[in-house]
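Taking it in order: structure first as structure tokens, then the write-up.
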């Protein structure tokens, strides 16, 4: 009887114990974590050193408010007005001026805070609505502590985490935005500036214009366009556009053209530094933004004003429970305000730009905007998606756009340009015109004829001018709003603010 043959032993397995194989597998899994952790640690160390060593000698002081000051603050969420402007509010009221605060959303899109409030990880639309009503009451108490009356606090009730979608994709009421938190397409709150308003860009713009008309401010403050948070980046786009339309309106132009616009900063990278409560530190801009296209000024606060700001921040209990250290970082000896210069769309001779990503053709053209670089971990690691600047110009037939990045344009990254043209009476399309540059080709919401080229750190795009006019009655454009973003596998890397190019 033939003996049964045994399988030959695997000499490799005999030589490599199972425990060693497991160690190799774990090491392979751990290496990306170690790399990312090391890169993150190096980034934060460099970022902190750069920001904490920043000199203040070049920053001018902001003019103190007077009895004639009429200050209107636009805040994306309940508490932003206090973080950015509590000292300015105190000084305006002390000088005999007037203050009004306008809250664009009620902050109803904060899942972690809602879960903490209701003490349940399972939260529904009703919980978000109830939480936002609580935030309204916190705003009333906080702003009353600074001296504001209830009638000087306006809640517009638009969707938290949705303002950028209103700007880019949901302009008209026939295509409203629905909040993924409250499931509402209009404000569900009893206290709302215009209860009939629909979640769309046009209605938000009209509400802002109505609030401005009713108060006629001499000074308006709103968040900076380059903020990382989408609502914070969209808020100044709406406010700036509202002021532009009022300045062009014969009924409002006299006071609107005298209104100053200043930007305060809340969310950008790992700023402000050092974080935490320190009533002896000054609030200065992030190092990456200090020397770009924003003209920064500091408003000195007295020790009493800073301490009062601390007490006011503490009245936002639903927020301090989640991020107290960050919020207290804004109670410093100064507040920070920035001015952005007006920009114009340059005109070039026909054929001057050849759409070959040759930067030499743009030598004499100023950038439409400058964007900070290397100010968060993802942008630090993905330099091909870290935007440096956006340029724009036109000839008789074509709009040309140039996007510069910190490192060469990368095939795995999607580059998106957003264009929203406005006619002489505020006419604009239901959605922004977009151009997406990706390895698979160029995708666009515009008609045919869009061209693109990439070389090194530059992406160049040409858009037929007539394509931008299709949603404008009469085919006339007065202003073009431009911005850009980069994504990797659907994850946002960088996003510029919205800038308006006057024609």
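The values are calculated or read from the model by the stated rules, or taken from the named source; none is laboratory data. None of the values given here were measured: they were computed from a predicted structure. Using ideal geometry, Cβ is built from the backbone for each residue, glycine included, and neighbour counts are taken over all protein chains shown.
Of all residue pairs spaced 6 or more apart or on separate chains, those with beta-carbon atoms under 6 Å, a first member in the range 458-485 that is crowded, with 20+ Cβ neighbours inside 10 Å and a second member that is in a helix (DSSP H, G or I) are 458/359. Residues in the range 411-450 that are surrounded by fewer than 18 Cβ atoms within 10 Å (Cβ to Cβ), touching a residue at least 12 places away in the same chain (Cβ under 8 Å) and over 29 Å from residue 475 (Cα atoms): 411, 412, 438, 439.
Inspect the range 311-327 for any residue being assigned to a loop (DSSP other than H, G, I, E, B), over 23 Å from residue 261 (Cβ atoms) and in the same structural domain as residue 108 (by TED's automatic domain parsing) and give the result as yes or no. Yes: the range 311-327 contains one or more residues that are assigned to a loop (DSSP other than H, G, I, E, B), over 23 Å from residue 261 (Cβ atoms) and in the same structural domain as residue 108 (by TED's automatic domain parsing).
State whether the residues of the range 223-245 include one that is assigned to a helix (DSSP H, G or I), more than 30 Å from residue 492 (Cα to Cα) and either under 24 Å from the mean Cα position of the chain (by Cα) or not assigned by TED's automatic domain parsing to the domain that holds residue 298 (or both).
First, pick out the residues of the range 223-245 that are assigned to a helix (DSSP H, G or I): 230-245.
In the following step, the residues that additionally are more than 30 Å from residue 492 (Cα to Cα) were identified as 245.
Going one step further and asking which of them are either under 24 Å from the mean Cα position of the chain (by Cα) or not assigned by TED's automatic domain parsing to the domain that holds residue 298 (or both), we end up with 245.
Yes, the range 223-245 has at least one match.
Exactly one residue among 250, 217 is surrounded by 19 or more Cβ atoms within 10 Å (Cβ to Cβ), modelled with pLDDT of 95 or more and more than 28 Å from residue 493 (Cα to Cα), and that residue is 217.
Taken over the range 328-387, residues that are part of a loop (DSSP other than H, G, I, E, B), within 23 Å of the chain's Cα centre (by Cα) and closer than 19 Å to residue 481 by Cβ amount to 8. How about the range 463-484: which of its residues are in a strand (DSSP E or B) and farther than 21 Å from residue 498 by Cβ? Across the range 463-484, the qualifying residue is only 464.
All of (1) closer than 19 Å to residue 267 by Cβ; (2) assigned by TED's automatic domain parsing to the domain that holds residue 481 hold for residue 334 with one exception: (2).
Residue-level check: of (1) closer than 25 Å to residue 205 by Cα; (2) out of contact with any strand residue (DSSP E or B) (no Cβ under 9 Å at 6 or more places or on another chain); (3) at pLDDT 95 or above, residue 161 misses just (2).
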